[in-house]
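Structure record follows, encoded as structure tokens.
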Amino acid sequence: MRQTNIALHWLCLVMLCSSTRVLSFVARSAAKKAPHNLVTQSTRASQKLVRPFVSSTSALQVGGVDEEELLSGYKRPTVNWYPGHIAKAERQLSETLKAVDVVVEVRDARACKATSHEKVAEWCAGRPRIVVLTHVDAIPKLSIVSWKRSYETFGAGKWDGEVNTQVVNQAIQNQKQRSKYSENASKKNKNQAISPVENVLFVDAKNGQGIHALHRAIHKAGAHVQERRSRRGLKDRALRVGMIGYPNVGKSALINRILGKKRARTANVPGVTRSLQWIRVRADDSKTSRKKEFELLDSPGVIPAKMIDQSDAVLLAAINCIGNAAYDNQAVAAYLFEWLKALHVMGKGAVAAPDFLTKCEERYGFNPLDDDHKELTGEDMVLYIADTMCKGNAEDASRKMLQDFRGGRLGSICLQLAPRTEEDNGQLKVKLGTDRRSREDEERSWEEDRFARAEAAIETAQRKGLELPPMIQEQANEDSSKKEEEVGKGLFDGW
């Protein structure tokens, strides 16, 4: 008898799996015949069965995976990229930066908060730091103004990572020694003493905008070195400048622009620079004075071994700071377009992505905010573009979307908004308010609250001895008896 029950159980599981495959096949067949003006519910259901990692984009918010995925037993693959050459470079960099006079931290202006490394304050340890934001030509001018205002108010090092006590004490000692020889030494709070940010510059390495300002900022930040040597009767020496940042943020391109010739190898892919190298920069060809010279340390891009904030991780993948083998193109493209749509829903489109809606309509044939397409989520946009332009191939559609964004064909875009308060944690929070499952969760919670209030009212009426209408009383009794009967009842009882 027991063997018969086991065989029946297995038979039911096989039938259930086969029915799921049939439903998926039927949904995909119906999607091909459906009109392209709107992605239907059956299309979304079939694509979720085939590609579960392209589910709702809200799960990529800070904190990782949502409750629905945890209950289903499926965990979304996280975006992490930490190859061997970066691990080796990080170990060497922490030692080499101890001999550096000035640190230049390079960030991508398209994602200012996501490209700020959490260990920069620890590596600098009291040395003057200059923050340079590249790809200025790819973001709107209003975004530049808002980020400049934010950095002037809070400082570019406000949200640096935690530093241990030993590094803090060492940084304070270095800061005191530096203050003896420089009037520009930062004397602000304790956090600024750990890694003082001397200047924040927005630089366009492609066109050379801001290069002369960077020269002046480096010599000004390293003036204490020459002053200390002159007081000791020593000759001037070239400043040692370390250049650090995430992969593919433009460090090597910035060095080539400073040199005026192509010395460092560059490419629009992460991981091109794989070792540390020193490059000498001269102010003139006379070689008579070393006061205006400095040596640049070109380093490989460094990235955290584990990225806790998966929202930042996906944005890094969108701006091509992570190797393409570490993420899924469809998931990143869906999240990117959902993010851009949310910026316009928040009313920040003019600041962050002023041309996105018009470019989207020109290139893909739909406006994400019009009446016919305002319900589309990021994954729906991927499927819509796949159906209309890529013969139903969602992978080709996602690659096209990412290439259009990275190539500037969607207009100037700044993905992250400048913070307004200290509680913003480096950026103004973007709410993905068009998520379908979030609305379903709200409706479900509202129904649960309504039933809870009804049960509380019935219990209160019974406790006070009030007579309830027969229909309500009978329904309450039926519900209670039904719950008692179903306790411990299995799925296959009665077979």
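Amide hydrogen proximity for R240: with H placed 1.01 Å from N in the peptide plane, the residues at 5 or more positions away or on another chain lying under 5 Å are D101, V102, E295.
Listed cross-link partners K391/K429; K261/K292; K251/K306; K176/K220; K148/K429; K158/K251 are compared with a 25 Å cut-off, the Cα-Cα value being larger for K391/K429. Other residues whose C-beta falls under 14 angstrom from the C-beta of V136 contribute a net charge of +3, scoring Lys and Arg +1 and Asp and Glu -1. Here the simple spin-label model places points 7 Å from the Cα toward Cβ, and for K176 and K391 these points are separated by 7.2 nm. Computed from phi, the 3J(HN,Hα) profile of segment 120-126 under the Karplus parametrisation 6.51, -1.76, 1.60 (θ = phi - 60°) reads 5, 4, 5, 5, 6, 6, x Hz, with x in place of Gly and Pro.
Near G426: Cβ cut-off under 13 Å, other residues only, Lys/Arg at +1 and Asp/Glu at -1. The net charge is -2.
Phi angles of segment 408-418 translate, via the Karplus equation with coefficients 6.51, -1.76, 1.60 and θ = phi - 60°, into HN-Hα couplings of x, 7, 9, x, 6, 9, 10, 6, 10, 8, 5 Hz per residue; Gly and Pro are given as x. Report the label-to-label distance for H85 and K431 in nanometres (one decimal), using points 7 Å from each Cα along the Cα→Cβ vector. According to this spin-label approximation, the distance is 4.4 nm.
The antiparallel fraction among DSSP beta bridges confined to segment 207-318 stands at about 50%. Amide H to amide H, with H built 1.01 Å from N, R107 comes under 5 Å of V132, L133, T134, counting only residues 5 or more places away or on other chains. Listed values for segment 140-152 are Karplus-derived 3J(HN,Hα) couplings in whole Hz (6.51 cos²θ - 1.76 cosθ + 1.60, θ = phi - 60°), namely x, 5, 5, 5, 4, 5, 5, 6, 4, 5, 5, 5, 5, and x replaces Gly and Pro. Taking a ≥ b ≥ c as the square roots of the eigenvalues of the Cα gyration tensor, segment 229-283 is classed as prolate, since a/c reaches at least 1.5 and a/b is larger than b/c.
Since every read-out is calculated from the coordinates, none of them should be taken as a lab result. Remember, it's a predicted structure, so these values are computed and weren't measured experimentally. With ideal geometry, Cβ positions are generated from the backbone for all residues, glycine too; neighbour counts draw on all protein chains shown.
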